[in-house]
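What follows is calculated from the coordinates using simple rules that are stated; it is not laboratory data. Since this is a predicted model, take the numbers as computed values, not measurements. Ideal geometry is used to build each Cβ from the backbone, glycine not excepted, and the neighbour counts take in all protein chains shown.
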Amino acid sequence: MNIILFGPPGAGKGTQAKYLVKKLDGYQISTGDILRDEIKKESDIGKKIINDMNDGKFVSDQIVNELISNIIFDPHKKNRLIFDGYPRSLSQAKNLSLLLENSGQIINHVFFLNVNKETIIKRIEKRKIEEKRSDDDLDIIIKRYDRYMNITKPVLDFYSKNINFHEIDGSLKIDQITNKIDNLIDV
Ligand code: AMP
């Protein structure tokens with residue numbers, strides 16, 4: 001089963017992704033983690049993206065698309081993909097459709113964790129203290145939220161017409177969200 005978790009930064013995608021990885025013996029594709037890893041490794045890509053990342057800006061579609069394509073074609077990960085933070089733009093969504101088609105896969109479920117700005121700000125401030133992430137300053141948080149909502153709106157429109165699209169109130173407690181996801185994938 002392949003699943004997309006969709007929603008603004010701080011909506012709880014990562015937490016639910018980890019749950020789904022366990023439940024479905026899945027493989028989490030967190031483009032945020034993959035990109036932070038490139039920075040840590042001080043790779044060529046890492047050097048190119050560090051400023052945008054620290055500024056809360058999106059990394060170019062070309063870089064992100066390239067990084068995920070090997071994962072999608074990996075036979076060990078086939079039909080076990082849990083997308084967390086990808087796709088984030090219409091170009092990425094179209095690229096993903098193409099990659100899935102070419103690798104004989106489909107997306108079984110898209111979960112949109114919808115949360116308002118106030119809840120996000122509170123959550124990210126907490127995470128900032130716990131995880132010490134350098135892109136988690138309040139100004140940047142607000143920029144990231146607004147940018148996410150603006151740029152990803154077309155992605156929402158792209159998926160929301162499909163019957164496998166489910167909107168979930170992301171301000172619910174973690175296990176309430178998990179229950180809703182469980183009920184939708186277990187049918
Ligand atoms: P995240 O951990 O998903 O909140 O992502 C952290 C940062 O990584 C974002 O603010 C972007 O700078 C970058 N990023 C993560 N995923 C993507 C993506 N799919 N497209 C572009 N930039 C991304």
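Distances longer than 23 Å among the Cα atoms of the chain: what percent of all pairs is that? Here the tail beyond 23 Å accounts for 40 percent of pairs. For the pairs 153/180; 22/126; 22/180; 23/94; 41/94; 78/153, note any where the Cα-Cα span goes beyond 20 Å. Pairs exceeding the cut-off: 153/180; 22/126; 23/94; 41/94; 78/153. For residue 109, the shell of other residues with beta-carbons less than 13 Å away shows a net charge of -1, using +1 for Lys and Arg and -1 for Asp and Glu.
Along segment 146-163 the Karplus relation, 6.51 cos²θ - 1.76 cosθ + 1.60 evaluated at θ = phi - 60°, assigns HN-Hα couplings of 4, 5, 4, 5, 5, 6, 8, 3, x, 5, 4, 4, 4, 8, 5, 6, 7, 6 Hz to successive residues, with x for each Gly and Pro. In order along segment 11-16, the phi-based Karplus estimate (6.51 cos²θ - 1.76 cosθ + 1.60, θ = phi - 60°) of 3J(HN,Hα) comes to 6, x, 4, x, 4, 5 Hz; Gly and Pro are listed as x. Once C-alpha pairs closer than 8 Å and six or more residues apart are averaged by separation and normalised to the residue number of the chain, the relative contact order reads 33 percent.
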